[in-house]
Amino acid sequence: MASIFSKIIAGNIPCYKVAEDEHFFAFLDINPLVKGHTLVVPKREVDYIFDLQDEELAAFHVFAKSVARAIEQAIPCKRVGVAVMGLEVPHAHIHLIPINKESDMII
Ligand code: 5GP
């Protein structure tokens, strides 16, 4: 069965898309910790980020970096925090979370 993120990528569940290329997809978290909280996912469905092949993992991070740079332009922040959790959705993903101070990070 397709993961909820695969359904989002396929357009079967609505989302606010932030960026997309051939292999990766980025969209706003439905339950954001802060404004601009974005999820970055590989289109290929693997359970956990470190299940990705090394080359794929490198490309995934390069894509995430470009998304983080775009978030920095859109939302004034000190830094875009990066988190890997994977407790809820078994489809590899990175959280990108614009933060201004330590207390913004409630995770
Ligand atoms: P994790 O698996 O890293 O613990 O958390 C998964 C994240 O996916 C959560 O922050 C949750 O809010 C987000 N999420 C779960 N379902 C959906 C959904 O249907 N749409 C969007 N945009 N985000 C979701």
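Once the C-beta distance of Gln73 and Ala2 is scaled by a Förster radius of 25 Å, the resulting FRET efficiency is 0.20 to the nearest 0.05.
Summing Lys, Arg as +1 and Asp, Glu as -1, what charge do residues with Cβ under 12 Å from the Cβ of Phe5 carry, Phe5 excluded? Every neighbour counted, the sum reads -1.
Measuring between their Cα centroids, segment 1-17 and segment 35-56 lie 14 Å from each other.
In terms of other Cβ atoms within 10 Å, His37, His61 run from fewest to most in the order His61, His37.
For segment 4-104, lysine pairs with C-alpha atoms less than 21 angstrom apart, excluding pairs fewer than eight positions apart on the same chain, total 12.
Taking only alpha carbon atoms, segment 4-104 gives an Rg to Rh ratio of 0.94, where Rh is the Kirkwood radius. Tally Lys/Arg at +1 and Asp/Glu at -1 over every other residue whose Cβ is under 15 Å from the Cβ of His91; what's the total? With Lys, Arg at +1 and Asp, Glu at -1, the neighbours total -3.
Which is the longest stretch in the chain that no exposed loop site breaks, taking sites as GluC sites (Glu not before Pro) with a DSSP loop state and at most 12 other Cβ atoms within 10 Å? The longest uninterrupted stretch comes out as 23-87.
Set Lys and Arg Cβ to +1 and Asp and Glu Cβ to -1, take the dipole of the chain about its Cα centre, and tell me which of Tyr16, Val41, Cys77 lies farthest positive. Checking the options against the dipole of the chain, the answer is Cys77.
Relative contact order of the chain: 28 percent, from C-alpha pairs under 8 Å at least 6 residues apart in sequence.
Relative to the longest principal axis of the chain, what angle (0 to 90°, nearest 10) does the C-alpha long axis of helix 54-74 take? Helix 54-74 sits at roughly 40 degrees to that axis. This model, with +1 at the C-beta of Lys and Arg and -1 at the C-beta of Asp and Glu, gives the chain a dipole about its Cα centre of some 480 debye.
Bear in mind that the values in this text are calculations on the coordinates, not laboratory data. Source: prediction; values computed, not measured. All Cβ positions, glycine included, derive from the backbone under ideal geometry; neighbour counts span all protein chains shown.
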